[in-house]
Amino acid sequence: MLCLTGFQSLAHSADYKKISSGMGSVAFFQTQKIIVTGTVVDENSRPIPGVGIKSLKTNKSAVTSASGKFSIEVENANEQLTFSYIGYASQTRAAGSGTSPLTIKMVPAEGVELEDVVVIGYGTSKKSDLTGAVGTVKAEQLQERPASSLNQALTGRISGVQVNTNSGRPGGRANVRIRGFSSINSSNNPLYVVDGVQLPMGNQAQASQAIDYINPNDIISVEVLKDASSTAIYGSRGANGVILVTTKRGKTGESKIDYNVDFSVPTVGPNFPKVLNAKEFLAVEDLAYKNMEKYDPAGWAAGKYVTRNPALARKDPRLFDGSGNPYFDTNWLEEATQHKLSQNHELGFSGGNERTTYSFSVGHRNDQGLIKTSFLKRYSGRFSIDDQVKTWLKVGGTLSYTNQNENLVDQSDQVARSIVEDFPFLPVQYSDGKYADNRDYPNAEGRFNVVHRLNDTKFLLGTQTTLGSLYSNIKFVEGLEMKTIIGANIISQENNEYSGRTLNISDQGYAAGRTRKEAFWSIENFLTYNKRFNENHSITGLLGISWQKSNFNNISSEVRGFATDYFEFNNLGAGSLNPQVGSNKSSQALNSYFGRINYSLKDKYLFTATGRADGSSKFGKNNKYAFFPSAAIAWRVSEEDFLKDSKVISNLKLRSSFGVTGNSEIPPYSSLSLLSSNFGAVINDVRVVGTGINRLANLDLRWEKTTQSDVGVELGMFGGKISLELDLYYRKTTDMLLDAPVPRTSGYVTIRKNIGSMENKGIEAALNTTNFDSENFTWKTSFNISLNRNKILSLATPADIFGIGGPNFTNPTNIIRVGEAAGSFWGLTRLGVWSEAERAEAAKFVSYRNGNTILPGDIKYLDVNGDHAINDADRSIIGNGSPDAWGALSNNFRYKNLDLTVELQYSVGADVMDMTTHSSEDRQSLANSYATVLNAWTPQNQNTQIAEIRDTRAGYVTNVDTHWIKDGSFIRGRNVLLGYTFANSVVQKMRLNRLRVYVSAQNLFLITSKELQGDPETTPTGGYANDGNNVFSQGMNWHSYPRPTIFMLGLNIGL
Amino acid sequence: MKINFILMKINITKYISRIFLVGVLLFGSGCSKFLDEQDPSNLTPDNFYKIPEHAEAAIAAVYSSSRFMGDGAGIFSSNWQLLEAVTGTSTTETAQNSDLNNLYGLVYDSNTGHVINYWNGIYRVIAQANLVLDNVPGITPMDEAQKKRILGEARFLRAWAYFYAVRLWGDVPLITKSQTLESEDFFPKRASVESVYALIVEDLIAAENAGLPWMNKNGRVTLAAAKSELAIVYLTMAGQPLNKGASHYKLAADKANEVITYAKANPASIDLFPTYAEVHKETLKNEKEHIFMLQYNSVVAGNPMDNMYPNFKPVTFNGASGTGSTVPTLEFYNSYETGDLRAKDREGYFYSSYFTNGNGALFQLGAPYIFKHFNTIANGSSGVAGTRNNNLNVPVIRYAEILLVYAEAQNEVGGPTSDAYDAFKRIRDRAQLVTPAMGTYNQSTFREAVWRERWHELCYEQITWFDMVRLRKVFNETTKGFDNFVGHVNQSSDQPLQSKHLLFPIPRPEMQNNPNLTPQNPGYQ
């Protein structure tokens, strides 16, 4: 079957709602040719607007009006007409004599959605015609749990796509990986294409991406291209998969107004770690002091710790009574969090006649985060128009603008960390209004309390995005069209930061202003040719050319030393100390030629060949262009005679693809020999700029290549009641873009090189079933599961790569090693705690505790090489943050007008490396600890993993080890939604088209390992949050913004 | 182009032809330069090294890189702790950094971060210097004196870096030209200790003859620095492992004496500071006692010695914020002679009480900490709030060391002369110690007396370790005598030094990245 290219924009229009109205009269003209008219209705006999009608013989086409009516000219009565509409099975029937209007009743294609049109690179295809692996998410699914960004909304929706939302902050960034990692030094993020315009990657502040600034409410469908056959058309940008976003457009018919609103409140989510209360802490501190004598007898005898006696510390009359009992017992989680109402409003208008359609929408989101002062505010507007200027020319365009402002309180790890570590015996403020900080307590680690920090710090990120595209579609002859898309995306960000004088003591206040702008444009021009030769053969051809360019610049300035906090970042000139400025500019360009041929034999055997030649500015002089081919075949077994009439199997397709895609996401100028002018020298006590060593040239630099093969099965049973899609894939990345280490004797660190390889192999499956279906009650289930295994095959040199992932305190946490999964966790094996019986054996060890003898009560490690020293030789791979399997299970029940959706997200086999164990369990007294320290070693409790409590200054032990690794498997109550859609009769009385009200709870519960504290979906925050670090730090817990449980009330009104 | 050809073929309809033409005009031309790139924010070697200002910027990059020893080495640690943790004179109050723990426990290996960072930092200085030495000579026109000075500074800094390398690892690659991928020595072999010292001496003599001023408060390399460094190099060559003996003791003594002679004639230029407070006073940078320093200023980088602050005790304006990862062992502190001013609280090189938050009430710390790098101006002093900007330099060569170099070398040449005795006595005089009459010393007792003075005067300046290695002797805090290196038990860890510890392991990543870099030093993997 040919794609219904002429209808694609209509078929993909804003809303699938059927409009009820009576059948209109039928116009009929007797001429030479026959004019066939009629009405297309749905299963409930309601007219369907926007149905495509096409004559198989003449290729003439028409589309139904708002009242479901159509009119088409045919040559004779036997001519076959097909009727197609999304979500319905296509029908073909003879045109007839035209003497009486036809009534075509469409039958929903349930489950299998065989006739769905999906968006693919540079075109659309019917689902049944696909030869590649493509996953789809529809607007209705996105609406089930409204989210501030598309990535968050994608969680669990598509097999093979791993989405981890790692921060509970509104707009908190999500990690998206399609079929695993493909790169070490380049990006692992997929390519996003919005309405045919490729988004730029990477330069945005705080590891955000251009896609984060698209309003998810404007999206009508999302397609995820996974295999090489689908992605190769994106050549050097396709290796990490491609996410195609289609935004809403108007459609022919009655003008419509939609208003969606939701209100929500965040509350503290499941599994937040338990910390010591005031009484417990003071008891732990007393014990810690007492045990100093045991752990450093010499220092104790020399009087080194006399000043550490807690009794001396508990003298502050604001905090303690005369006997040292605390006045306060503060719950810092409560103090740091808020439960404010968030709201989201979306108002949309759309409509059009047969010639012109339009849509415009405005949105306002105001999210108040769980943690005080954190917020996300967004104003967005969007306009689209499509006009059939001539029979052969269609033009249209989209313009959207977003203004988003956020306070990123998790820009620093200190906020989340302080919630755990603030002393419970401190109030938020003393009676004189001064903040009470840990640092007020003698000899504690010098922390500020979380409320103090929240109130006296700002890290505001303001982003303005203008995304626009214009297209023209010229039909040269029937079947041959040329589409030209001019796209532009301008992202301006301003990042204003300040921390107050009482927080930033050494600088006496700090303020910074940074602006950055990325201006991207692209021109794409492509020809599409559709031809059905006869019953047996049809082809679709595509040939195109593309130019893209991105210009980036940033300017930053910062200053310290303010006499007042009044100015914040609004008057940098008022700062007196150490002003610093910086700026940077770069540009990159891509020029491409691409083509694709689809050939269908008897509608049973489908072949696709794709190729793209890409030229990138970022690559070496000797390797500017590369070619990325792919091929795929599919066999629609169910179309064979032996299955055609099967009552059981309604659809069976086997498909296989193979191809090469690339990854070019490295910074520009990587191939050039450069000097750096960022060497600051101090000469004569002033800053002098030095110019020197920076980068070695590599004129041969080129893209990473990922070769991917895929075998898939699509199975539909019992008329689509059960549908299964299963894929096996193998991806191998070669010519990996590595910062290959060079001998440091050269003065250089690395050279960017194409060397090294890694593989990913996996299975992904999606199962959709309709378990029960009657007029009053339906029950549908969808389940997906993905498995992926990653392995490094070769690196530039045998040297392991450290310094990735993070945060790397104490010693390296992650390793990239040949033969292992990328970014594996690295550390010692904790056997437990030395027992009294082992005193002599413990003492044999070279001290790993401040030079003091290792004692019963100290942590006991596995001494791999038996040398009685615990050092690098005893480290090994102790875990990995990638899951063995992950996915989602969603059940949808409908009883009359009531519907209930229960969506579970699960993940099995990923490890969590809880770095907070170091600060909150391995050491005491410096700050508050986790309640787990109550299970520390004592002579009476020797069978534990937690060392005996002692003041750290008498010597403690902390190392990245197996005790920090926890099973991160989980089942999350992702969303529970109860909705009520008012009956048509009620709605019409209110002069509405649609009215729906719902309540939902997101992140309602979490089933996870008992040992795990906190949320298993996590990456480190703070200075460790940049993307480069984060690639391999999934599952590393270092004080992320706690993920809330969100309760929501929403309303959808259509009129 | 392919596309045009196909378009041509299907271009059959009139009205389309116009649009098509527009298309061709838009897309079919002018793209030859589309993919060229030039970085607007960074220079390339082709557009640099043209004018004298470029030479100044190039040498500034060498100075900038010389601060590597102050860079971080993981949490709560700095690179310089490599040279302190192994001496046994200091210990830690935190176990946070496992690399540092391994250094204290003498169980470090070729993956230990500090070892790797020193290697990388040293060769970065060398590479920056080589860029200067390769490119600055070609800059014309340029004032010859300026050119000579810059080249002299570069040679000094290269020698200074190689001197670290050869003492830490023995045979090391000898790179004297700036590198590209095509360079013959891009994957270098190890060069002999002898040949490395030959380059060091050659470079320092070149620096000596580069027309540098005797002293210069701007912090650049001076003539005094070149002569002093040469004296220290000769003294080291006289000892282990080269064992050049008398000839080099003589060279060392003579070179040190050149500095002493100049100092005696120009006490306003070079001299000991009368008080220890002045040794670490940020307003007295690069003058008198400070012959060569690493330059710090908070506009670029603040003083990197803050790991010497006590563990979370409020001795500075910043409240309870220190790490205590380098603190004196009680044994070493107690080994000072009674009455030694250097051991006196807040007057010498130690403190055991300080003002709360830098300028508040005096409080007891419970133990001695290192005062030598403590900036009272930045941190605060009695009743005076700190400036909060720690601009204190890190001393590399102090006149005190040169006096002791002279005393030691001259004693080896011909026993304790009166000049040698005077040099030695000046150090003790400042400490308000009574020095036995010259006649009470013989060559052997004077030798140990000078060594002991080196331990007590030069501690925590990253010098002691190299004394241990060149002498193969270690100060015994209990006996006050000297143990052989091998077998001496470090008080900080109760671990004995082994012969393998005379050299550090070559970083494992470097050996993996350079297959020519074999073998590993004995005793390491």
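General remarks:
- Checked against (1) within 14 Å of another protein chain (Cβ to nearest Cβ); (2) closer than 16 Å to residue A:832 by Cβ; (3) assigned to a loop (DSSP other than H, G, I, E, B), residue A:917 passes all but condition (3).
- When residue B:270 is tested against the conditions (1) over 21 Å from the mean Cα position of the chain (by Cα); (2) under 14 Å from residue B:90 (Cα atoms); (3) part of a loop (DSSP other than H, G, I, E, B), the lone failure is (2).
- Selection count where residues are in a loop (DSSP other than H, G, I, E, B) and either touching a helix residue (DSSP H, G or I) at 6+ places or on another chain (Cβ under 8 Å) or not acidic (Asp, Glu) (or both), scope region A:492-522: 9
- Looking only at residues of region A:755-787 that are closer than 23 Å to residue A:226 by Cα and acidic (Asp, Glu), we find that the one that is surrounded by the most Cβ atoms within 10 Å (Cβ to Cβ) is A:764.
- Selection within region A:682-704: residues that are in contact with a Gly (Cβ under 7 Å, 6 or more places away or on another chain) and touching a residue at least 24 places away in the same chain (Cβ under 8 Å). The member of this set that is farthest from the other protein chains (Cβ to nearest Cβ) is A:704.
- Scanning region B:490-501 for residues that are more than 9 Å from chain A (Cβ to nearest Cβ), outside any loop (DSSP other than H, G, I, E, B) and surrounded by 16 or more Cβ atoms within 10 Å (Cβ to Cβ) yields a count of 1.
- Qualifying position, being more than 11 Å from chain A (Cβ to nearest Cβ), surrounded by 21 or more Cβ atoms within 10 Å (Cβ to Cβ) and either touching a helix residue (DSSP H, G or I) at 6+ places or on another chain (Cβ under 6 Å) or at pLDDT 95 or above (or both), among B:139, B:175, B:200: B:200
- Only one of B:333, B:369, B:349, B:354 that is among the aromatic types (Phe, Trp, Tyr) and surrounded by fewer than 24 Cβ atoms within 10 Å (Cβ to Cβ): B:333
The rows are residues; the columns are (1) in a loop (DSSP other than H, G, I, E, B); (2) under 14 Å from residue A:219 (Cα atoms); (3) modelled with pLDDT of 85 or more.
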residue: A:113; (1), (2), (3): yes, no, no
residue: A:125; (1), (2), (3): no, no, yes
residue: A:136; (1), (2), (3): no, yes, yes
residue: A:143; (1), (2), (3): no, yes, no
residue: A:148; (1), (2), (3): yes, yes, no
residue: A:157; (1), (2), (3): yes, no, yes
residue: A:167; (1), (2), (3): yes, no, no
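- Total residues in region B:181-193 satisfying the condition of being more than 7 Å from chain A (Cβ to nearest Cβ) and either closer than 12 Å to residue B:122 by Cα or free of Cβ contacts under 8 Å to residues at least 60 places away in the same chain (or both): the figure is 7.
- Filter pass, residue A:932 being within 30 Å of the chain's Cα centre (by Cα) and touching a residue at least 24 places away in the same chain (Cβ under 8 Å): no
- Residue within region B:151-171 that is touching a residue at least 40 places away in the same chain (Cβ under 8 Å), in contact with a strand residue (DSSP E or B) (Cβ under 7 Å, 6 or more places away or on another chain) and either assigned to a loop (DSSP other than H, G, I, E, B) or within 10 Å of another protein chain (Cβ to nearest Cβ) (or both) present: yes
- Search result, residues across region A:853-868 that are under 24 Å from residue B:323 (Cα atoms) and facing chain B (nearest Cβ under 9 Å): A:853
- From the options A:121, A:160, A:168, residue that is in contact with a strand residue (DSSP E or B) (Cβ under 6 Å, 6 or more places away or on another chain), crowded, with 23+ Cβ neighbours inside 10 Å and in contact (Cβ under 8 Å) with a residue 40 or more places away in the chain: A:160
- Cβ-Cβ distances below 9 Å connect the following pairs, each with a first residue in region B:280-292 that is without any contact (Cβ under 8 Å) to a residue 40 or more places away in the chain, a second residue that is surrounded by fewer than 19 Cβ atoms within 10 Å (Cβ to Cβ), and a separation of six or more residues or different chains: B:284/B:278.
- Residue that is farthest from the other protein chains (Cβ to nearest Cβ), among those in region A:658-676 that are buried (at least 19 other Cβ atoms within 10 Å of the Cβ) and of a type in the set (Ser, Thr, Tyr): A:661
- Of all residues in region B:46-59, those satisfying the criterion of being under 12 Å from residue A:676 (Cβ atoms) and outside any loop (DSSP other than H, G, I, E, B) are B:57, B:58.
- Residue A:319 modelled with pLDDT of 95 or more, among the aliphatic types (A, V, I, L, M), under 30 Å from residue A:283 (Cα atoms) and surrounded by 15 or more Cβ atoms within 10 Å (Cβ to Cβ): yes
- The single condition from (1) of a type outside the set (Ser, Thr, Tyr); (2) in contact with a strand residue (DSSP E or B) (Cβ under 6 Å, 6 or more places away or on another chain); (3) part of a helix (DSSP H, G or I); (4) free of Cβ contacts under 8 Å to residues at least 24 places away in the same chain that residue B:439 fails is (2).
- Test: residue A:743 is within 13 Å of another protein chain (Cβ to nearest Cβ), in contact with a helix residue (DSSP H, G or I) (Cβ under 7 Å, 6 or more places away or on another chain) and touching a residue at least 12 places away in the same chain (Cβ under 8 Å): no
- The set of residues in region A:940-972 that are among the aromatic types (Phe, Trp, Tyr) and either assigned to a loop (DSSP other than H, G, I, E, B) or within 14 Å of chain B (Cβ to nearest Cβ) (or both) comprises A:956, A:964.
- From A:786, A:723, residue being touching a Gly at 6+ places or on another chain (Cβ under 6 Å), over 25 Å from residue A:240 (Cβ atoms), away from chain B (no Cβ under 12 Å) and not basic (Lys, Arg): A:723
- Residue B:130 vs. criteria surrounded by fewer than 24 Cβ atoms within 10 Å (Cβ to Cβ) and either within 8 Å of chain A (Cβ to nearest Cβ) or among the hydroxyl-bearing types (Ser, Thr, Tyr) (or both): yes
- Residue in region B:502-513 that is surrounded by 20 or more Cβ atoms within 10 Å (Cβ to Cβ), farther than 17 Å from residue B:103 by Cα, within 14 Å of another protein chain (Cβ to nearest Cβ) and hydrophobic (A, V, I, L, M, F, W, C) present: yes
- Comparison of A:259, A:234 shows that the only residue that is away from chain B (no Cβ under 14 Å), not in a strand (DSSP E or B) and not polar (S, T, N, Q) is A:234.
- The one condition in (1) more than 14 Å from chain B (Cβ to nearest Cβ); (2) among the aromatic types (Phe, Trp, Tyr); (3) free of Cβ contacts under 8 Å to residues at least 24 places away in the same chain that residue A:679 fails to fulfil: (1)
The values are calculated or read from the model by the stated rules, or taken from the named source; none is laboratory data. Since the structure is predicted, the reported quantities are computational estimates derived from the model, not experimental observations. Cβ coordinates were reconstructed from backbone atoms using ideal geometry, including for glycine residues, and neighbour counts include every protein chain displayed.
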